[in-house]
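Data first, discussion second: the structure below is written as structure tokens.
The values are calculated or read from the model by the stated rules, or taken from the named source; none is laboratory data. Predicted model, so just to flag it, every value in this text is computed and none were measured. Note that we place each Cβ from the backbone using ideal geometry, even for glycine, and neighbour counts take in every protein chain shown. Heads up: the accessible areas ignore ligands, DNA and RNA and are worked out on the full protein's heavy atoms, side chains in. Shrake-Rupley method; radii C 1.70, N 1.55, O 1.52, S 1.80 Å.
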Amino acid sequence: MKEMEKESFKEISEARTQEELERIRLKYLGRKGIITENLSQISELPLEERKLQGKKINDIKQHIAEEIEKRKSDLKEKSISGTSESKIDITLPGKPFEIGKIHPLMQLMNEVKDIFLGLGFTIATGPDMESDYYNFTALNIPKDHPSRDIQDTFYIKPKEQNAKSESYSTVTKQGEKEIVLRTHTSPVQIHIMEKNKPPIRIIAPGRVYRHEAVDASHSYIFHQIEGLAVDEDITFADLKAVLDSFIKKMFGSNVLSRFRPSYFPFTEPSAEVDMQCLICKGTGCSVCKQTGWVELLGCGMVNPKVFEFVNYDSNKYTGYAFGMGIERIAMLKYGINDMRLFYENDLDFLKQF
Ligand code: PHE
């Protein structure tokens with residue numbers, strides 16, 4: 001038995017592959033192996049002798065099994081480090097490893113922020129939930145303005161009203177304490193002016209909400225960047241210069257843009273900025289509805305009535321404000337005709353950015 005044990009140890013230590021090792025295991029420990037055979041033979045011995053021999057054989061069996069395990073892990077280690085006749089081909093390419101990325105809308109947001117930081121603006125933020133006062137009243141949006149309608153704005157019911165499960169209409173009685181999901185980033189203007197004295201030069205990026213049905217060009221959540229500058233002697237020429245510079249940095253120095261008179265309650269005078277359609281280069285296509293121009297943002301000189309709400313002296317200070325939709329800019333810049341692509345998180349779409 002001792003001889004057999006020695007012999008098995010020798011064989012195990014000389015085994016060079018897992019297959020060889022397995023063959024040795026079967027030879028000794030298998031169902032028809034030497035150890036098993038020996039064990040079956042002792043049944044003919046007298047009881048005392050049988051006990052003794054049985055224990056000896058079982059000990060040897062144990063030793064051989066341990067030896068095989070040891071050798072097994074040795075061989076494994078060697079084949080991983082590539083020093084034995086391993087089957088691992090270390091020249092094979094590895095498994096592809098995918099790295100996460102910033103969402104295209106946030107990438108663009110960061111680009112816009114960088115441009116304005118370079119123009120001397122700092123970044124401000126405000127809450128997504130606003131009171132009616134900040135979202136509308138202090139921005140000189142009158143009580144009967146259509147944008148206050150529940151058709152356009154998400155109103156949030158105060159808790160007690162929810163509990164009483166009153167109908168929606170009670171919430172739309174336009175009391176000052178009503179809470180809305182902000183419909184634009186303009187309320188940040190008010191927060192900033194309430195807390196700071198001029199000079200002010202901020203941009204405010206963020207999410208905004210409107211009660212819209214989702215389609216290729218509408219979403220009930222989208223993103224805006226607001227801009228506000230207030231100081232002595234700020235003029236419309238400053239606004240034009242800043243926006244012109246932004247458009248050239250964002251879309252290229254050859255892109256034409258134009259200011260078109262418009263109306264916003266919180267700016268006077270107001271304008272919208274169009275830029276030459278990038279898709280057709282101004283010759284007319286479906287994106288620009290054959291006009292050659294696409295609307296980019298709203299802007300204007302801060303209405304003195306807004307200054308009154310924040311206790312700024314409108315004889316001393318003037319300012320400009322602007323607001324742009326990030327989705328819109330992304331669609332123009334990348335030639336995307338369906339806004340929903342930004343929210344579906346289809347990896348094939350996202351990987352392109
Ligand atoms: N808040 C306006 C909108 O959402 C945009 C705007 C901002 C216009 C600032 C003028 C000045 O349409």
Considering only segment 244-260, state which residues are open to solvent by 70 Å² or more (accessible area, probe 1.4 Å) and farther than 20 Å from GLN290 by Cα.
LYS248, LYS249, SER253, ASN254
Of the residues in segment 208-243, how many are surrounded by 15 or more Cβ atoms within 10 Å (Cβ to Cβ) and not charged (D, E, K, R)?
17
Among (1) of a type outside the set (Gly, Ala, Ser); (2) farther than 18 Å from GLY300 by Cβ; (3) away from the ligand (no atom under 16 Å from the Cβ) - the single one ASP231 does not satisfy
(2)
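Got at least one residue in segment 263-276 being free of Cβ contacts under 8 Å to residues at least 12 places away in the same chain and away from the ligand (no atom under 15 Å from the Cβ)?
no
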Which condition number in (1) at positive phi; (2) of a type in the set (Gly, Ala, Ser); (3) out of contact with any Gly (no Cβ under 7 Å at 6 or more places or on another chain) is the one that SER253 fails?
(1)
Could you list, ordered by first residue, the pairs with Cβ atoms under 7 Å in which the first is in segment 210-221 and among the charged types (D, E, K, R) and the second is open to solvent by 60 Å² or more (accessible area, probe 1.4 Å), at least 6 apart or interchain?
ARG210/ASP152; ARG210/TYR220; GLU212/HIS218; GLU212/TYR220
Cβ-Cβ below 9 Å, separation at least six or inter-chain, first residue in segment 300-311 and at negative phi and among the charged types (D, E, K, R), second within 14 Å of the ligand (Cβ to nearest atom) and assigned to a strand (DSSP E or B): which pairs?
LYS305/GLU268
Report the residue count in segment 88-112 for those that are open to solvent by less than 50 Å² (accessible area, probe 1.4 Å) and closer than 25 Å to ASP238 by Cβ.
3
For segment 61-87, name all the residues that are at pLDDT below 70, surrounded by fewer than 14 Cβ atoms within 10 Å (Cβ to Cβ) and assigned to a helix (DSSP H, G or I).
ILE80, SER81
Per the list (1) over 18 Å from ILE225 (Cβ atoms); (2) surrounded by 12 or more Cβ atoms within 10 Å (Cβ to Cβ), residue check on PRO127 breaks on (1)
